[in-house]
Amino acid sequence: MSFSKAQMSSEDVRRNNEGVLSRCKKGDLLEFPRSSFFSHWGVYAGGARVIHRTGDSNGRSGFLGYPLSFLFPSGIQVGKAKVKEESFWDVAQSSLVRINNSKDQGRDVPPGGEVVERARSRLGKSGYNLLWNNCEHFATECRYGKGQSQQAIVAGSLSTGITAVGWLTGSLSAVALGISALFALPMFQSTKSSK
């Protein structure tokens, strides 16, 4: 099945996700595409549960609901992002879910139970940064021992590109946008632990 829900009914998406859930093994990484540019990530914990770094929108979204949330693809409040264990279906929402252990090749991947233990040991820990501490970093750190995020690399490259174009064209607004996207994010990260 193609990894696009553009032509799929909500019933087809649900059927796909039921199939994914039936194939999940403890410790699998799950990818939940939220848009063409952003996916949410989590660790399958067994029993139709997912452990993931997520935020609390308190029903608010967009930049009017939370200052600078337009800089974050998920719209989450960075100060309230933390590691949680939740139902697969609550995390999936309307996303076309897939198992994504694509970075396994050439690595020593620990048993699934150990991956889940790593994830559970972080429950309640807060902190989020789009470029250095996002949901994909969390999931890959649990599975591989080191956090990596392809979408953070793309975001950082895009920000650097915007800044470079601004410098080359003399556009102060492009320079400001690129720099703010790259460097302002750490100012709004939270590293508090609720444990």
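The values are calculated or read from the model by the stated rules, or taken from the named source; none is laboratory data. It should be emphasised that the depicted structure is a prediction, and the values quoted were computed from it without experimental measurement. As a convention, Cβ positions derive from the backbone with ideal geometry for all residues, glycine included, and neighbour counts pool all protein chains shown.
Listed values, structure above:
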item: Residue in region 106-114 that is modelled with pLDDT of 90 or more and among the basic types (Lys, Arg) present; result: no
item: Within region 96-113, tally of residues that are surrounded by 15 or more Cβ atoms within 10 Å (Cβ to Cβ) and not in a loop (DSSP other than H, G, I, E, B); result: 3
item: Number of the condition not met by Ile76 [criteria: (1) modelled with pLDDT of 95 or more; (2) of a type in the set (A, V, I, L, M, F, W, C); (3) out of contact with any helix residue (DSSP H, G or I) (no Cβ under 6 Å at 6 or more places or on another chain)]; result: (1)
item: Selection from region 20-50 of residues that are modelled with pLDDT of 95 or more, of a type outside the set (D, E, K, R) and closer than 13 Å to Glu141 by Cα; result: Gly27, Leu29, Gly42, Val43
item: Complete set of residues in region 20-47 that are under 20 Å from Arg118 (Cβ atoms), outside any strand (DSSP E or B) and in contact (Cβ under 8 Å) with a residue 12 or more places away in the chain; result: Cys24, Lys25, Lys26, Gly27, Asp28
item: Hey, Arg53 among the basic types (Lys, Arg), surrounded by 14 or more Cβ atoms within 10 Å (Cβ to Cβ), at pLDDT 50 or above and over 26 Å from Ser10 (Cβ atoms) or not; result: yes
item: Counted residues, region 77-95 - those being crowded, with 18+ Cβ neighbours inside 10 Å and among the aromatic types (Phe, Trp, Tyr); result: 1
